[in-house]
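Below: one structure, written as structure tokens.
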Amino acid sequence: MQWTILFITSLIAALIFLQDVKDRAVTWFYFPVLAIMGIAAGLADSTPAPALLTNTLVNMGFLMLQFALLTAYYSIRTGSWQLIIGKKLGWGDVLFLAAASCYFSPMNFLLFYCFSLFFTLTIHLTLRLTVWKNTPATVPLAGLQSLFLVIFLVACKVLDHHTGNDAWIFHYLTT
């Protein structure tokens with residue numbers, strides 16, 4: 001069952017990646033499906049429903065705080081109110097992160113988030129210097145992060161690390 005969920009997640013992530021790279025826009029329907037797969041993955045991993053809900057709400061709270069801080073930063077920097085969602089950050093990027101938050105406990109989400117941003121920056125800069133020299137400088141953030149989501153989930157599955165539980169992270173931090 002877990003491999004089936006991972007396979008469906010991989011298909012949705014591939015569609016998000018292809019659409020975002022090609023059109024810099026993603027069909028909204030993929031994000032609720034991705035969130036449902038995240039919830040199904042948590043339940044298949046024996047994460048209790050209340051813990052899944054708590055994890056998702058904490059992760060979304062982290063995202064809202066980050067978006068609020070980025071909005072404040074850009075507003076102070078420009079001297080006028082600046083909404084970042086829809087201007088600096090696309091709605092697809094926000095919806096992707098909200099859907100991805102359903103897959104992870106808070107520490108796992110923080111790891112995923114930080115490493116996916118580093119992955120996205122590295123891939124984007126490499127492609128800008130080689131393949132995408134004459135294209136607009138917009139970053140297909142949701143697309144590249146969806147690609148990293150699959151890499152992260154497969155790595156966790158192979159290493160037997162449960163993404164809905166922070167125990168493996170605390171184990172590595174304390175040993």
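The values are calculated or read from the model by the stated rules, or taken from the named source; none is laboratory data. Please read these numbers as outputs of a predicted model, since none were measured by experiment. Heads up, the Cβs are rebuilt from the backbone with ideal geometry, glycines too, and the neighbour counts pull from every protein chain shown.
Brief remarks on what is shown
- Residue match in the range 39-47 (condition: in contact with a helix residue (DSSP H, G or I) (Cβ under 9 Å, 6 or more places away or on another chain), of a type outside the set (F, W, Y) and not in a helix (DSSP H, G or I)): yes
- Within the range 7-25, the set of residues being modelled with pLDDT of 95 or more and either of a type in the set (A, V, I, L, M) or out of contact with any Gly (no Cβ under 9 Å at 6 or more places or on another chain) (or both) comprises F7, I8, S10, L11, I12, A13, A14, L15, I16, L18.
- Among all positions in the range 51-61, there is at least one residue which is under 16 Å from D93 (Cβ atoms) and either of a type in the set (S, T, Y) or at pLDDT 95 or above (or both).
- Enumeration of residues in the range 67-98 that are in a helix (DSSP H, G or I), more than 30 Å from V150 (Cα to Cα) and either hydrophobic (A, V, I, L, M, F, W, C) or at pLDDT 95 or above (or both): A72, I76
- Of all residues in the range 123-163, those that are over 19 Å from A40 (Cβ atoms), under 15 Å from the mean Cα position of the chain (by Cα) and either loosely packed, with under 11 Cβ neighbours inside 10 Å or among the small types (G, A, S) (or both) total 2.
- Condition check for F96: under 9 Å from the mean Cα position of the chain (by Cα) and surrounded by 17 or more Cβ atoms within 10 Å (Cβ to Cβ): yes
- For the condition modelled with pLDDT under 95, within 27 Å of M37 (Cβ to Cβ) and either of a type in the set (K, R) or in contact with a strand residue (DSSP E or B) (Cβ under 6 Å, 6 or more places away or on another chain) (or both), K157 qualifies.
- Selected residue [out of contact with any Lys or Arg (no Cβ under 6 Å at 6 or more places or on another chain) and farther than 23 Å from A44 by Cβ] from Y113, Y172: Y172
- Residue in the range 16-35 that is of a type in the set (A, V, I, L, M), assigned to a helix (DSSP H, G or I) and over 24 Å from L127 (Cβ atoms) present: yes
- Residues (farther than 23 Å from I12 by Cα, in a helix (DSSP H, G or I) and free of Cβ contacts under 8 Å to residues at least 24 places away in the same chain) located in the range 128-169: R128, L129, A167, W168
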